[in-house]
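So the structure is just underneath, and the comments pick up after that.
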Amino acid sequence: MSAPKPKFFHIILNGYFRLLCILAVDLVITVINSKILALAAGHHRMLVTVIGMVVVLLLFAFLFSIIDKLTKFVLKITIEMGNLLAFRKTAIFLLMTGLLIGIFSLYHYVWFGLWPDYRSLQVQDLYKLIQL
């Protein structure tokens, strides 16, 4: 007998969680890169570049090795928790979207040094971005 084919919802949830993990890994690497670039003032740039590359490779190798296990674990837990809720699929996607907004806020803080002010975003700014 072959393994049961995963449901479409599980495929979407798995992909969504992987995207969140990749963004989180990149955020960690961005923070570490800013710390490593601060070393450039006191050390040779080529040495700092090698250190940065090694750190990034080690992080990606370590974190991507556990992303698959973490994805399966989170998928199992969310499905089990979702069975207790009336609108489980909606609740799971709302939870994942909340995580995405949290990661977005952290990116904004790391890049600009400020927490995002969602109230200041105007529709006209979105139209200008689309027209680029």
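List of remarks:
- Rounded accessible area of Met53 (nearest 10 Å², 1.4 Å probe): 110 Å²
- Its convex hull of Cα atoms gives the stretch 17-117 a direction-averaged projected area, equal to a quarter of the hull surface, of 7.8 nm².
- Label-reachable residues, the stretch 46-70, where backbone N falls under 14 Å from a point 7 Å from Val28's Cα toward its Cβ: 55-70
- For Lys69, the accessible surface of its heavy atoms amounts to roughly 150 Å² (probe 1.4 Å, protein chains only, rounded to the nearest 10).
- Both radii come from the Cα set of the stretch 1-70: Rg as radius of gyration, Rh as Kirkwood radius; their ratio Rg/Rh reads 1.22.
The values are calculated or read from the model by the stated rules, or taken from the named source; none is laboratory data. Quick caveat: nothing in here was measured; it's all calculated off a predicted structure. Cβ: placed from backbone, ideal geometry, glycine included. Neighbour counts: every protein chain shown. Calculation scope for accessible area: heavy atoms of the full protein, side chains included, ligands and nucleic acids excluded. Shrake-Rupley method; radii C 1.70, N 1.55, O 1.52, S 1.80 Å.
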